[in-house]
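Derivation of every value follows stated rules applied to the coordinates shown; laboratory data play no part. Small disclaimer: the values here were computed from a predicted structure and weren't measured. Glycine gets a Cβ as well: all are built from the backbone with ideal geometry, and neighbour counts include every protein chain shown.
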Amino acid sequence: MTKDRNGTERVDRRRTRASAVVLCAGSLTLLLAGCGTSSASSTTSTTTHPAAAVPDNTACALISASDVRASVGTQVKTPTWVVRGTETTCTYRASTPAKSIIIHYNTAWSNQDFSSDQSSLASKGQHITNITGLGDMAFSATTTTGGYTVNTVVAVKGALGVLITGTAPLAKEENLTDLIITKVVAGGSTTTTSVP
């Protein structure tokens, strides 16, 4: 939080968004350890919702557990979701925590944000590879933790940023990302990241 010249507190969106990218990648690490997702301290308003409460107009309703299962080949539950302003994080838990999938949406991502995310993940020792033909621009980040290879795919289409983290093969995560982008384009702007 910063204060403007009138003393009103404002959220530094770049710091919050970059923290969310690292949080998503780090959350799977915690799941791999069997600890569940972390609840990072944040200065923005955060609301966590149980799986049974996914409204039709939210980002987490965009991709069902059966969509995830068909794309990555892992049985997952209906997602739990967290909303932070323009960002929504959906966690699709598997019975084996290491096979869980985390999808993070941001409806206000920019080219600068994309570059910052790439640099942030690279600085944490992740192997970065640019991906062509997925959204307007995309890259993958790969690391090994707890004996598992964790893949992250980040793609931008217009102002929508999508980040998927999991231990599924990279090609399957790319296919899931493509499915998300296709559904967003087909659905126009009817899906939001705000709480109804």
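A few comments on the model shown:
- Estimated distance in nm for a label pair at A70 and T149, the labels positioned 7 Å out from Cα along Cα-to-Cβ: 2.6 nm
- Spacing of the modelled spin labels on Q112 and A171, each 7 Å from Cα toward Cβ, amounts to 3.8 nm.
- Set of lysines with alpha-carbon distance to K157 below 22 Å, sequence-local pairs under 8 removed: K172, K183
- A simple packing score, the average count of other Cβ atoms within 10 Å per residue, orders the peptides 150-161, 121-132 as 150-161, 121-132, with the highest score first.
- Placing a label point 7 Å from the Cα of S95 along the Cα-to-Cβ direction, the residues of the stretch 62-76 whose backbone N falls under 11 Å of that point are 75-76.
- A simple spin-label model places the labels of S123 and T182 3.6 nm from each other, with each point 7 Å out along Cα-to-Cβ.
- Exposure proxy order (Cβ contacts within 10 Å, fewest to most) of I180, I101: I180, I101
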